[in-house]
Amino acid sequence: MNSIQEVIVRDAHEWEREAVAAVMLESYQQYAFDLSAERWEEYRDSIRNSAYSHAPHARIVAELGGEIVGSVQLFLSSEAAYGKPEMGIHSPIIRLLAVSPGSRGRGIATLLIQEAARRSIQLGATTLNLHTSDMMASAVKLYERLGFERAYDTDIYNGESLVKGYRIELPGSLLLQSAV
């Protein structure tokens, strides 16, 4: 059986917030050594708090063998995602894409992004946005392989770190085809 077929992509239940937080923290732990201790603590707390926030339009999870192994959050605008209406993004944004290290290499991140894209189209959106940094090189490679392009107009700074904007045009996108 193909491992992708074993994965169930669905909305997270309210009672699963701690499991979602655990997957996100496990996934992002690899960046702890790339940041100062203080910055990592802030980032870790932000990640944990996001699991309990009511800001996302959708909290999408990937389940494998009855266990949550991945998640992504879908927001409707830069105001909802970052509290920054001045960024002027009025279309969906994905944040905090996470796949537990033991479940990587099965296409789970792609499935989560595809689901976010499908939902964005259902909302009438023509683009899907995200932000990432050079620290997350493997994620950048995935996003670019899936068709996301740099959206320099949405770049932001977190302290002195550049957080790069990416965007994909959804109509006709290869992202929405079943085998990416």
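The values are calculated or read from the model by the stated rules, or taken from the named source; none is laboratory data. None of the values given here were measured: they were computed from a predicted structure. We place every Cβ from the backbone using ideal geometry, glycine too, and count neighbours over all the protein chains shown. All accessible areas refer to the heavy atoms of the entire protein, side chains included, with ligands and DNA or RNA removed. Shrake-Rupley method; radii C 1.70, N 1.55, O 1.52, S 1.80 Å.
So what does residue 90 come to for accessible area, using a 1.4 Å probe and Å² rounded to 10?
Around 150 Å² of this residue is reachable by solvent.
What's the magnitude of the charge dipole for the chain around its Cα centre, counting Lys and Arg as +1 and Asp and Glu as -1 at the beta-carbon? Answer in Debye, nearest 20. Mind showing how you got there, number by number?
Working: 17 positive and 23 negative charges, 91 e Å.
Here the size comes out at about 440 debye.
Antiparallel as a % of all DSSP beta bridges within the chain, to the nearest 5? Don't skip to the answer; put the middle values down first.
Details: 27 of 29 bridges.
Here the share of antiparallel DSSP bridges comes out near 95 percent.
On the accessible surface of the chain, probed at 1.4 Å, how many percent belong to carbon and sulfur atoms? Don't skip to the answer; put the middle values down first.
Numbers: 4610 of 9290 Å².
C and S atoms contribute 50 percent here.
Please calculate how many Å² of accessible area the range 19-130 carries per residue, with a 1.4 Å probe and no DNA, RNA or ligand atoms counted.
On the way: 4880 Å² over 112 residues.
Accessible surface, normalised per residue, equals 44 Å².
Connecting C-alpha atoms closer than 10 Å in a GNM of the chain, tell me which of 78, 103, 36 has the biggest fluctuation.
Comparing 78, 103, 36 in the GNM, the peak value goes to 36.
What does the charge count near residue 166 come to, summing +1 for each Lys or Arg and -1 for each Asp or Glu among other residues with Cβ under 9 Å from its Cβ?
Details: positive: 150, 164, 167; negative: 144, 149.
Around residue 166, the surrounding residues sum to +1.
Exactly which GluC sites (Glu not before Pro) in the range 64-170 are in a DSSP loop and have at most 12 other Cβ atoms within 10 Å?
160
Choose one of 154, 83, 171: the residue whose Cα lies farthest towards the positive end of the charge dipole of the chain (beta-carbon charges +1 Lys, Arg; -1 Asp, Glu; about the Cα centre).
Working it through, the farthest residue towards the positive pole turns out to be 171.
Give the residue list of trypsin sites (Lys or Arg not before Pro) in the range 90-144 that are DSSP loop and have at most 16 other beta-carbon atoms within 10 angstrom.
Numbers: sites: 95, 104, 106, 118, 119, 141; in loops: 104, 106.
For trypsin sites (Lys or Arg not before Pro) across the range 90-144 that sit outside H, G, I, E and B with at most 16 neighbouring Cβ atoms in 10 Å, the list reads 104.
Restricting everything to alpha-carbon atoms, can you work out Rg to Rh for the range 75-180 with a Kirkwood hydrodynamic radius? Walk me through the intermediate numbers first.
Values: Rg = 13.4 Å, Rh = 14.2 Å.
That ratio equals 0.95.
With r defined as the distance between the Cβ atoms of residue 135 and residue 84 and R0 fixed at 25 Å, what FRET efficiency is calculated, to the nearest 0.05? Please list the in-between numbers first.
Numbers: r = 21 Å, r/R0 = 0.82.
FRET efficiency, residue 135 to residue 84: 0.75.
Answer with one residue from 33, 135, 60: the one whose Cα lies farthest towards the positive end of the charge dipole of the chain, charges on Cβ with Lys, Arg +1 and Asp, Glu -1.
60
Give the Rg/Rh ratio for the chain, taking Rg as the radius of gyration of the Cα atoms and Rh as the Kirkwood radius, to two decimals. Show your work: numbers first, answer last.
Working: Rg = 15.4 Å, Rh = 16.5 Å.
Computed over Cα atoms, the ratio is 0.93.
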